[in-house]
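In what follows, a structure is listed as structure tokens, so that the remarks can point back to it.
The values are calculated or read from the model by the stated rules, or taken from the named source; none is laboratory data. If you're wondering where the values come from, they're calculated on a predicted model, not measured in any experiment. As a convention, Cβ positions derive from the backbone with ideal geometry for all residues, glycine included, and neighbour counts pool all protein chains shown.
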Amino acid sequence: MPWARSGADFTLVFESFAMTLCKEMPINAVSRIVSEDDNKLWRMVRYYVEEARRFEDYSRVSSIGVDETSAKKGHDYVTLVVDLKKKKTIFVTKGKDASTLKEFKEDLIAHHGLPENITNASIDMSPAKYLRVLRTVFPKQRSPLTNSIS
């Protein structure tokens, strides 16, 4: 279909409308409003997020914030990394252990960022778990600010 992207379940006009809704409310609410399966909507969102991330440039990232949150009720956690200067989430991954910082380093490099440019970090997680890895992964990072209550 010339009015849809290749492999898409929806037209470009519908995708534009649905993505606008997805930015403002949970996917399951959008699913009810547009009468479409939430799995199809998640596939569409993933496509556009991945497409947008291809063009991200992290070459100027120097100050990061790191925190974890539960993705669902229970113990499914995700770690988020925020560019503190731009006030923008730049990385999200499953888990809440120190290996998430190593994953972020790989993503940073893949987006033209340099680990040695990270000079400031604010971490609201267990210092014992993260400080050693933080100093290894980002060697020029000065003493991180931590606000952990673990």
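Structure values in brief
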{"quantity": "Yes/no for Lys105 being closer than 13 Å to Val81 by Cα and surrounded by fewer than 15 Cβ atoms within 10 Å (Cβ to Cβ)", "calculated": "no"}
{"quantity": "Meets criteria (within 20 Å of Arg54 (Cα to Cα), modelled with pLDDT of 80 or more and among the small types (Gly, Ala, Ser)) for Gly113", "calculated": "yes"}
{"quantity": "Residue in segment 23-44 that is within 30 Å of Asn117 (Cα to Cα), at pLDDT below 95 and outside the structural domain of Asn117 (by TED's automatic domain parsing) present", "calculated": "no"}
{"quantity": "When residues of segment 38-89 are limited to those that are β-branched (Val, Ile, Thr) and over 28 Å from Phe10 (Cβ atoms), the one surrounded by the most Cβ atoms within 10 Å (Cβ to Cβ)", "calculated": "Ile64"}
{"quantity": "Sole residue being part of a loop (DSSP other than H, G, I, E, B) and touching a His at 6+ places or on another chain (Cβ under 6 Å), chosen from Asp57, Asp9", "calculated": "Asp57"}
{"quantity": "Residue within segment 71-82 that is acidic (Asp, Glu), under 30 Å from Glu116 (Cβ atoms) and within 17 Å of the chain's Cα centre (by Cα) present", "calculated": "no"}
